[in-house]
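Presented below is the structure to which this report refers.
The values are calculated or read from the model by the stated rules, or taken from the named source; none is laboratory data. Predicted, not measured: the structure shown is a model, and the values here were computed from it. Please note: Cβ atoms are built from the backbone with ideal geometry, for glycine as well, and neighbour counts cover all protein chains shown. Please note that ligands, DNA and RNA were not included when accessible areas were found on the heavy atoms of the full protein model with its side chains. Shrake-Rupley method; radii C 1.70, N 1.55, O 1.52, S 1.80 Å.
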Amino acid sequence: MASKDTPPRWDLRMQQRLARGEAAALGELYDRFASLVHSLAHRVLGDERAADGITREVFAQVWEHPEAYDPKKGPLRTWVAALTHRLAVQRLRATETAALARGGQGSPEDLERNVRHAAVAARADYIVQSMPTPLRAALELAYFQRRDYRQTAADLGVTEDEARRRLRLGLQLLSTAHDTAAPGAPPEYGGAV
């Protein structure tokens, strides 16, 4: 079993393949992470076209600078998510700043508040996508389909105690989205996103 400090072999091989300029590696990386990148960008920006642009920009940067990934700081997925978050927040700030300069409504404080809210929402999306399937399934049933814990247990084929445990753990994970999002600061690439 690999140690906690050692990233998965796939991450290292992918970085090496990208550094060699293997187009197939970029395609494989895109297949694996495009939905994550797009959903994080969309969550921050609230705009499909802008999220498409950020998705292209993220994969272009990964292709042009694979050496920027440091396996010692964490998994490739975390690095890609942090890059996405950083670029999306930069785009949001630029867009909002331009709107303010054109005489739009709001203030710099409103801009920062919007950026913080978008960062928390993007982090919550990332947490939900990254959590184990049993926890995610329980949360989806309870919150998107409005099932109580008894109905969730029946739908999942587990005991009521197990359904409550899954919901509690899922909510505890989600609560970290707000707790760890520093005002206006993108997540550190080696840490949680």
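Ligands, DNA and RNA left out, the 1.4 Å accessible surface of the stretch 122-165 is 49% carbon and sulfur atoms. Here the calculated FRET efficiency for residue 172 and residue 9, from their Cβ-Cβ distance with R0 = 30 Å, stands at 0.45, rounded to the nearest 0.05. Summary of packing: across the peptides 75-87, 40-52, the per-residue average of other C-beta atoms within 10 Å ranks them, highest first, as 75-87, 40-52. If the chain linking residue 31 and residue 95 were pulled fully straight, counting 0.36 nm for each residue of separation and taking away their Cα-Cα distance, it would gain 20.2 nm.
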